[in-house]
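See below for the structure under consideration.
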Amino acid sequence: MSFDAQSHPKTILVVDDDLSVLTVVKCMLEGSDYNVLLANSSEVALRMAGRNDLTIDLMLIDVVMPDLSGPDLGERILAIRSHQKVLFMSGFTDHEVVRVKVLDVGLRWLPKPFTPDGLLEAVQMVLSAPAQISDFRHFVTRVGGA
């Protein structure tokens, strides 16, 4: 991926509790000139999202994590960064959290496993789209924020 003179490399925060997923996704994204930040828990992601000195163009968040679901994390991040772009990922398409909080409300979602091309296409699609604040507000209204 190349950037024109007007743009800068985009920064993506990847949130997943699986170190192997973080490592593979980091390699895939860095190979296309993205800056990549990693968080292995929702707590770490929230701390990073709260830092004013970090520019985060996109958050790629696993849906099923032990400390907080991805959609719940996304809701908390939206309270800190109201126009944050978010892309969810999960390998558990039949998991209740994925069905109820992502698929049923139409949030942006990338199924695992994915190819490098599939990841890059999804990331570029979300980065080029308007921020999904309205999508997330719909999500919060529909499921009560829980």
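The values are calculated or read from the model by the stated rules, or taken from the named source; none is laboratory data. Everything numeric in this text was worked out from a predicted model, so none of it was measured. Positions of Cβ are backbone-derived with ideal geometry, glycine not excepted, and every protein chain shown enters the neighbour counts. SASA here: full protein model, heavy atoms, side chains in, ligands and nucleic acids out. Shrake-Rupley method; radii C 1.70, N 1.55, O 1.52, S 1.80 Å.
Computed with a 1.4 Å probe over protein heavy atoms only, the accessible area of Asp57 comes to about 30 Å².
Here the spin labels are modelled as points 7 Å beyond Cα on the Cα-Cβ line, and at Glu121 and Trp109 they lie 1.8 nm apart. Looking at region 15-72, the trypsin sites (Lys or Arg not before Pro) that sit in a DSSP loop and have at most 11 other Cβ atoms within 10 Å of their own Cβ are Arg51.
The simple spin-label model puts a point 7 Å past each Cα toward its Cβ; for Ile80 and Asn52 those points are separated by 1.4 nm. A 1.4 Å probe over all protein chains sorts Ile12, Ile80 by accessible area into Ile80, Ile12, starting with the largest.
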